[in-house]
Amino acid sequence: MIRIATLAMLLAVMTACASTGSEPLTGSWQLSSGQVDGGPLTLVDGWPISLEFDEGQLGGTAACNSYSGAFARQGDMLTVSELASTEMACSPSSVMDSESAYLSALDRVTMVTIDDDVLTMTGEGLTLTFEAVDSASGNES
């Protein structure tokens, strides 16, 4: 009887651990910080970087241009593919530098975690941290 209770407890713990990352990726997020290859991903005031997830598709604004793509998630593992973006030029050049660094980093993401209203994407040499955005008002929550 003790073995069955222990086994049941172990199974419950394993199930709880396995559910980490099981919540669907949905909603709107705004990039609050980033590190790429040992340096900061520079965010330009007035040119936010946004990210939205919806049923296997992602998109948003990468400072200047709109972008879209597909994603697949298994637990905490994340694959981003089929990235495409519009091709407007924006000034100052730091906006385009920020956008280029973000899109390159997004293409290298391999893991995702959500902790309350913070979404963190990581990959080799990079960390992108997003804050949840209240879609009703467009404000960060």
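Key figures for this structure:
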| item | result |
| --- | --- |
| Karplus 3J(HN,Hα) series, Hz, for segment 92-102 with 6.51 cos²θ - 1.76 cosθ + 1.60 (x for Gly, Pro) | x, 4, 5, 5, 5, 5, 4, 4, 4, 5, 5 |
| All Cα pairs of segment 21-134, percent lying beyond 16 Å | 56 |
| For A70, distant residues with modelled amide H under 5 Å away | L58, S81, E82, L83 |
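We did not get these values from a lab; they are worked out from the coordinates using the rules stated. From a predicted model like this one, the values you see are computed outputs, not experimental measurements.
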